[in-house]
Amino acid sequence: MGKKLKPEDLLDQNAFELLTEISHKKLREFVVEQISEEKFIIRIYSIYQLLMVLLFTFLFTRGIVLAIKGYSALLVNISWAVAFSLSALIIIHELIHALAYLLTGARRISFGVILKKFVFYALADRQVIAPRAFHVVALAPFVMVKMICIIGIFLFLNQPVVYFFLSVMCLHSLFCAGDIAMLAFYRIHRGKEIYNFDDKSEGKTYFYSRKFRT
């Protein structure tokens, strides 16, 4: 295993080239750009997201219909899921990113928020993240929340609380757009060995690719 890279190592123009730098204040714009450029991953995610939106619409409609008929348990569980997703789940999502960072060897973890754009993010200040580690960090919340929801669905299959887990699973798919867009960036530049690091003081993330000597 080679030595762990530092941000200063990526500045060596003979070994690395800067692909892009992203201002954390413009994360949403970067996400939109990747969604418009990359087709394969975004198409798969869009289909998945559409299915989740349709499922949630069905659950919510069924909950309303049953509530009108006097059985409000389903709608109550859906309402709790919405409240949970717009509060605690946001924190949990970012904490899972942080845990993934720690497990891949990164330190100096912190969090950021842009309330006007409803953007939340975790960062590892001046820690160079290798390609495989970045994929782990990006996918960790999606995989972990999905697994927990599926376990909850099977455990409470014939009880009203199953609507809570189904709704959280649907709503969380919307939270993962930024993570998927980051992976789309890697696919756009497939064939390149990409490293990145966050600079908290500058409010930016830098992406570099390794130059291969011929």
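Tabulated results
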| read-out | value |
| --- | --- |
| Any hit, the stretch 81-92, residues being in contact with a His (Cβ under 9 Å, 6 or more places away or on another chain) and over 22 Å from Cys149 (Cβ atoms) | no |
| Within the stretch 1-32, tally of residues that are surrounded by 14 or more Cβ atoms within 10 Å (Cβ to Cβ) and without any contact (Cβ under 8 Å) to a residue 24 or more places away in the chain | 1 |
| From Leu183, Leu166, residue being of a type outside the set (Gly, Ala, Ser), assigned to a helix (DSSP H, G or I) and closer than 22 Å to Ala83 by Cβ | Leu166 |
| Any hit, the stretch 166-187, residues being charged (D, E, K, R), more than 14 Å from the chain's Cα centre (by Cα) and either over 21 Å from Asp125 (Cα atoms) or at pLDDT 95 or above (or both) | yes |
| Of all residues in the stretch 73-125 being assigned to a strand (DSSP E or B) and in contact (Cβ under 8 Å) with a residue 60 or more places away in the chain, the one that is farthest from the chain's Cα centre (by Cα) | Asp125 |
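The values are calculated or read from the model by the stated rules, or taken from the named source; none is laboratory data. Because the structure is predicted, anything quoted here is derived from the model rather than measured. All Cβ positions, glycine included, derive from the backbone under ideal geometry; neighbour counts span all protein chains shown.
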